[in-house]
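Please read the structure below before turning to the comments.
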Amino acid sequence: MPPSRVLIILPDPADAEPLLRALADAGQPALLATSMMAGLTRARETPPSLVVVHAVLPDGCGQDVVRRLRVSGDVPIFVLTARDVPEETVALMHLGADQVLVKPVVVAEVVARIGARLRRYQRHVRLLSQGLVVWPQRHLVTFQGRALPLTKTERELLLILLRRVDQLLSRAEIAQELWPDAAVVRQSNVIDAHMATLRAKLGKVQLQGLIGTVRGGGYVIRHASMEALLDPPVIAPDSVA
């Protein structure tokens, strides 16, 4: 298994230095970004095992980072904030933050929390439905042990629906999850186009009925379940065409 890597997104390098040093001393490599866009770029180029992000950034906020990272995966996210406001903590947790830590923090405690969370996360959480398995951290979808050739957008569409089993999602809601800042895209039929290609690929493995459509409403996946797996998947060398 490759070593875990923590991504730290803090606006002040001097503020981040004690945490970076403590993580290095603990044998935990870490990368630093000082803005939201730099952090998201690093996360895309080198997918992290855990993210620590400040609630206030020069070009955005911690909520934006949590929202956008949750579109493409389930990486654990810790948010550091100077405001001890329960409503803001609840909002962050609803968006998908794993922990909200109020400053000032004890660096040794943060490092211990990171280590504990990473150890739990090595279980390779998977989303399962009718033999279809989505491995968010591995950017992989398999059916009966064989990899499906889905694009990044198709994988994300599947994840969005599987995370909200039995919940009808409108096209606008799905587009908001995929592209939070692209208002024009939400007004087009781009979701239908991506959904059509995803369904066509699922249809090749007899899963054409997995995603349901409600006329005038949107899309839904019904009766899926979640499981935790202790070992990585065994993937057949050939993909399903």
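General observations
- Neighbours by Cβ (under 6 Å, 6+ apart or cross-chain): first from the stretch 132-149, at pLDDT below 75; second of a type outside the set (A, V, I, L, M, F, W, C): 135/126; 136/73; 136/74
- Sole residue being closer than 20 Å to residue 115 by Cα, surrounded by 15 or more Cβ atoms within 10 Å (Cβ to Cβ) and either without any contact (Cβ under 8 Å) to a residue 40 or more places away in the chain or not assigned by TED's automatic domain parsing to the domain that holds residue 155 (or both), chosen from 95, 80, 40: 80
- Test: residue in the stretch 201-210 that is at pLDDT 90 or above, in a helix (DSSP H, G or I) and touching a helix residue (DSSP H, G or I) at 6+ places or on another chain (Cβ under 8 Å): yes
- Residue 112, sole failed condition from (1) within 30 Å of residue 198 (Cβ to Cβ); (2) small (Gly, Ala, Ser); (3) at pLDDT 90 or above: (1)
- Considering only residues in the stretch 50-86 that are touching a Pro at 6+ places or on another chain (Cβ under 8 Å) and closer than 12 Å to residue 99 by Cβ, the one that is modelled with the highest pLDDT turns out to be 51.
- Check on residue 184, exposed (fewer than 14 other Cβ atoms within 10 Å of the Cβ) and either at pLDDT 90 or above or of a type in the set (Val, Ile, Thr) (or both): yes
- Residue 111 passes every criterion in (1) within 20 Å of the chain's Cα centre (by Cα); (2) assigned to a helix (DSSP H, G or I); (3) of a type outside the set (Asp, Glu) apart from (1).
- Which listed residue is buried (at least 21 other Cβ atoms within 10 Å of the Cβ), in contact with a helix residue (DSSP H, G or I) (Cβ under 7 Å, 6 or more places away or on another chain) and within 20 Å of residue 159 (Cα to Cα), from 19, 10, 69: 69
- Close contacts from the stretch 175-192, counting a first residue that is in the same structural domain as residue 163 (by TED's automatic domain parsing) and a second that is small (Gly, Ala, Ser) and at pLDDT 55 or above, with Cβ to Cβ under 6 Å and a gap of 6+ residues or different chains, come to 185/175; 186/172; 186/175; 191/175.
- Scanning the stretch 47-84 for residues that are among the hydroxyl-bearing types (Ser, Thr, Tyr) and within 14 Å of the chain's Cα centre (by Cα) turns up 49, 72.
- Boolean, residue 227 is among the charged types (D, E, K, R) and either at pLDDT below 55 or touching a Leu at 6+ places or on another chain (Cβ under 6 Å) (or both): yes
- Among the residues of the stretch 1-54, the ones that are over 24 Å from residue 135 (Cα atoms) and either assigned to a loop (DSSP other than H, G, I, E, B) or of a type in the set (Phe, Trp, Tyr) (or both) come to 7 in all.
- Odd one out for residue 164, checked against (1) of a type outside the set (A, V, I, L, M); (2) modelled with pLDDT of 85 or more; (3) not in a helix (DSSP H, G or I): (2)
The values are calculated or read from the model by the stated rules, or taken from the named source; none is laboratory data. As the structure is a computational prediction, the values presented were derived from the model and not from experiment. Note that we place each Cβ from the backbone using ideal geometry, even for glycine, and neighbour counts take in every protein chain shown.
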